[in-house]
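Below is one structure, written out as structure tokens, with a few remarks after it.
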Amino acid sequence: MALDPQLLEILACPDTHHAPLDYDSQAQTLTCTECGRIFEVRDDVPVLLLDEARGGPAAEDARGGSAPQP
């Protein structure tokens, strides 16, 4: 089952910028259009927890990259 299109319209990144999310139905993920964090969709429920997201600024810092400046 896919996520409801109306739900996808209102979902946003839980970080302070609240950017829109792009849905990948094959991978069952939502990707932030601003910070690049990847949030999983488990059993048709988006898991929008920053601690469980992959990628984004924290991952770049861990690899030695720099986080985007505000």
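We did not get these values from a lab; they are worked out from the coordinates using the rules stated. For clarity, every value in this text was computed on a predicted model and none was experimentally measured. Note: ideal-geometry Cβ built from the backbone for every residue, glycine included; neighbour counts use all protein chains shown.
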Using beta carbons and a limit of 7 Å, which pairs, at least six apart or on different chains, have the first residue in the range 12-38 and on the phi > 0 side of the Ramachandran plot and the second one outside any loop (DSSP other than H, G, I, E, B)?
-> His18/Ala12; Gln28/Glu40; Gln28/Val41
Mind checking which residues of the range 1-18 are surrounded by 15 or more Cβ atoms within 10 Å (Cβ to Cβ) and in contact with an Asp or Glu (Cβ under 7 Å, 6 or more places away or on another chain)?
-> Leu3, Cys13
